[in-house]
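Here the structure comes first, spelled out in structure tokens, and everything after it is commentary.
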Amino acid sequence: MAKLRGRQRLGIEVGFLVPVREDRNLGSGRRQPADRWEWLSARLRERFGGFSASRATVMGFYRDPDTRRPVQDDSRAYTLALKRADVAELRRILGREVAPRFVQKCIYLAVGVDVELVFNAEL
């Protein structure tokens, strides 16, 4: 295996949150079943080659734009390193596949942090 030195640009970091429960106004408010999470993991690996996800949930708070009521939820956080050209495809997958399957009005997406690998200088 060739020695890798310095750093390798991976693209930009994107992150998104998927609530652990269905939206109470669109669905039942029940916990997402395991097969949905398995589908999402497979879909991200298939299309983008990999991802990182936290085993812990992230607490969120927002005001529902339709009901104007405060909402607190827990979500799973996903992070990917993508080429800028692939961000549009992720947006499409989130809007047309993830949001409907997980019974959500929308999916929180953060785009734009530069991502790179820094290699061990002692190897």
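The values are calculated or read from the model by the stated rules, or taken from the named source; none is laboratory data. Source: prediction; values computed, not measured. All Cβ positions, even for glycine, are placed from backbone atoms using ideal geometry, and neighbour counts span all protein chains on display. For accessibility, only protein heavy atoms count, side chains too; no ligands or nucleic acids. Shrake-Rupley method; radii C 1.70, N 1.55, O 1.52, S 1.80 Å.
The figures follow:
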read-out: Degrees between helix 84-93 axis and first principal axis of the chain (Cα, 0 to 90, nearest 10); value: 30 degrees
read-out: Whole-percent carbon and sulfur share, accessible surface of the range 1-67, 1.4 Å; value: 49 percent
read-out: Computed magnitude of the charge dipole of the chain (debye, nearest 20; Cβ of K, R +1, Cβ of D, E -1); value: 120 debye
read-out: D (Stokes-Einstein, µm²/s), Kirkwood Cα radius, the range 1-107, 1.002 mPa s at 20 °C; value: 140 µm²/s
read-out: Relative contact order %, the chain, counting alpha carbon pairs below 8 Å whose residues are six or more apart; value: 46 percent
read-out: GNM top mover of Arg68, Arg92, Arg36 - the chain, alpha-carbon springs below 10 Å; value: Arg68
read-out: Average accessible area per residue (Å²) across the chain - probe 1.4 Å, nucleic acids and ligands excluded; value: 68 Å²
read-out: Contour excess over end-to-end distance, with Cα ends at Ser41 and Lys105 and 0.36 nm allotted per residue; value: 21.0 nm
read-out: Residue-by-residue Karplus 3J(HN,Hα) for the range 35-40, coefficients 6.51, -1.76, 1.60, Hz, glycine and proline x; value: 5, 5, 5, 5, 4, 4
